[in-house]
Amino acid sequence: MAIGSLATLIGGGKPLLQRFGDLKRGRRSTWNRVNKGYIRPTLTQVVCGDIAMALPERILTNIIEGLEKLNCVVPGVSNDETLLYAPEIKFFATQIETTNDLETRIAGMYVAGDGPGVAGNIVSAAATGLIPAQAILAKIKGA
C-alpha cells in the first residue's frame, strides 16, 4: 500500500504516466514528449513524471526486463513510446469454488483468467485458460 500512497502523493492524487523510453533512460516524461509520439493516452487525467520515484528498483527492473522479453512474442510492446501508468492497485474478487480443472459446481461450466479469483496478474490469468481447455479436450477425447 505504501507504493500506491507514494505514487498518489507524487501525482497529486492522479496516476503517473511515463513513456517506456524515458523510464529506460532514467528521465521524467513530459506532456511535450508524450504528445510528440504516435501513441495517444486513453487515460488523460494523469501527471507526466517518473514512476521510478514511486517504485522500488527491483520492480522497475522487472518491468523493463519483462517488457523487453514480451517484445520477442509481441513485437513493438517495448517501444520507447509505450505508455506506462502507475500505480496499479488491484482488489481481488472472492475465490470461486472449483475443481482442480477449474470447473464450477455447474457441470461443464469452467472459469479461467481472473474469474476464479486466483490469477493475480495478466500472465497467470492467461495461463489459467490452459487448465480448463485441457480438461475440456480430455472430456471430448474420452467421449
Here are some conditions: (1) open to solvent by 70 Å² or more (accessible area, probe 1.4 Å); (2) closer than 21 Å to L67 by Cβ; (3) modelled with pLDDT of 80 or more. I122 meets all but one. Which one does it not meet? (3)
Just checking, which of R33, R19 is crowded, with 16+ Cβ neighbours inside 10 Å, charged (D, E, K, R) and touching a residue at least 60 places away in the same chain (Cβ under 8 Å)? R19
Give me a count of the residues in segment 53-86 that are out of contact with any Lys or Arg (no Cβ under 9 Å at 6 or more places or on another chain) and of a type in the set (S, T, Y). 2
Looking only at residues that are among the hydrophobic types (A, V, I, L, M, F, W, C) and over 17 Å from D80 (Cα atoms) in segment 5-16, which one is most open to solvent (accessible area, probe 1.4 Å)? L9
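Kindly check whether there is at least one residue in segment 58-75 that is among the acidic types (D, E), closer than 22 Å to A126 by Cα and open to solvent by 70 Å² or more (accessible area, probe 1.4 Å).
Filtering segment 58-75 for residues among the acidic types (D, E) gives 65, 68.
From what's left, closer than 22 Å to A126 by Cα: 65, 68.
Restricting the remaining residues to those that are open to solvent by 70 Å² or more (accessible area, probe 1.4 Å) gives 65, 68.
Scanning segment 58-75 turns up at least one residue that is among the acidic types (D, E), closer than 22 Å to A126 by Cα and open to solvent by 70 Å² or more (accessible area, probe 1.4 Å).
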The residue from I106, I59 that alone is more than 30 Å from G11 (Cα to Cα) and either at pLDDT 85 or above or assigned to a helix (DSSP H, G or I) (or both) is I106
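The values are calculated or read from the model by the stated rules, or taken from the named source; none is laboratory data. Here the structure is a predicted model, which is why all the values come from computation and not from measurement. We place every Cβ from the backbone using ideal geometry, glycine too, and count neighbours over all the protein chains shown. Each accessible area value is taken on the protein alone, full model and side chains, heavy atoms only, with ligands, DNA and RNA left out. Shrake-Rupley method; radii C 1.70, N 1.55, O 1.52, S 1.80 Å.
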